[in-house]
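Only one structure is covered here, and it is reproduced in the block below.
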Amino acid sequence: MKLTLSNRAVLFGLILTASTSVVLAAQAPVIDVSSASSEKQNKGSLTEQLANVERKLDSRNRAQVNIQSQLDDLQNQVNELRGVTELHTHQLSQVLERQRELYQELDRRVSAALQSTSQAASTTVVNLPAVTKNYSDDLTENEAYDKALNLVLKDKRYEQAISEFHSFNKAYPQSTYAPNSHYWLGQLLFNKGKLSEAEQEFSIVVEQFKDSSKRPDALLKLAMVAQQQKNDNKAKQLYRQLLSEYPESTSAQLAKPRLNKLN
């Protein structure tokens, strides 16, 4: 059956319309509703995770700051305790040193008194060999020395004691108390930080009174003076001299740890 021209045009129009509908249908976008919702949920979950991480980091940083602050406080307390301990150790050392010197002075006084009594009793029985005196028969000399010594041991008036010992050494240069007087004067000057003047007094004891019981103490103090003057070589020499000449003395026992520190 033959199609007329008009029928062919109608048929062509129908085909063109159908093709256009197919193309438009193929090009229409397809939206997956479930996939979009899942993506939104993932984004929300990630944001929450990041927020949690930030909160944890912030909490950890605050904890670290608190810990560091506590450590700083503890370190400060340790430093304070260490300073207090060092101060107490130094004060105890000074107390022990003063007690030792007082004991030696009292021991000397007792020995002198016993020796005087023994000599008085023995002269009525038999003549004994002469004994070197360590006390004076001059009452004025005794009073002058006692006055200076009591200013230290009893009254604690150290400035006046320095003046009294100076006066005593000038008035009685050959006194039996001279080594003790020079030593006490050196000790008082040492305590005041007058190292050069103290060194002169201790040197007099060491060089001029070799038989004095104060000589090992004076050697110890000379070494301590040298150590404070940053003259470690001289201090070592004096400590070794003390240990060599008076190895069993109390001063030697005090010198050993000091020498070990310098070595």
Pairs under 7 Å by beta carbon, first residue over 20 Å from GLU197 (Cβ atoms) in region 144-169, partner charged (D, E, K, R), six or more apart or different chains? LYS147/GLU164
PHE202 within 30 Å of the chain's Cα centre (by Cα), buried (at least 23 other Cβ atoms within 10 Å of the Cβ) and closer than 21 Å to LEU149 by Cα: yes
Can you report the number of residues in region 184-193 which are surrounded by 15 or more Cβ atoms within 10 Å (Cβ to Cβ) and within 26 Å of the chain's Cα centre (by Cα)? 4
Mind checking which residues of region 208-257 are among the basic types (Lys, Arg), surrounded by fewer than 20 Cβ atoms within 10 Å (Cβ to Cβ) and in a helix (DSSP H, G or I)? LYS234, LYS236, ARG240, LYS256
Please work out if ASN180 is at pLDDT below 90, out of contact with any Pro (no Cβ under 7 Å at 6 or more places or on another chain) and either more than 17 Å from SER213 (Cα to Cα) or assigned to a helix (DSSP H, G or I) (or both). no
Kindly indicate the residue of region 155-165 that is touching a helix residue (DSSP H, G or I) at 6+ places or on another chain (Cβ under 7 Å) and assigned to a helix (DSSP H, G or I) and also surrounded by the most Cβ atoms within 10 Å (Cβ to Cβ) among those meeting that condition. PHE165
Taking the condition of being without any contact (Cβ under 8 Å) to a residue 40 or more places away in the chain and under 22 Å from ASN180 (Cα atoms), how many residues in region 215-243 meet it? 16
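The values are calculated or read from the model by the stated rules, or taken from the named source; none is laboratory data. Fair warning: this is a prediction, and the values are worked out from it, not measured in the lab. Here the Cβ is made from the backbone with ideal geometry for all residues, glycine too, and neighbour counts use every protein chain on show.
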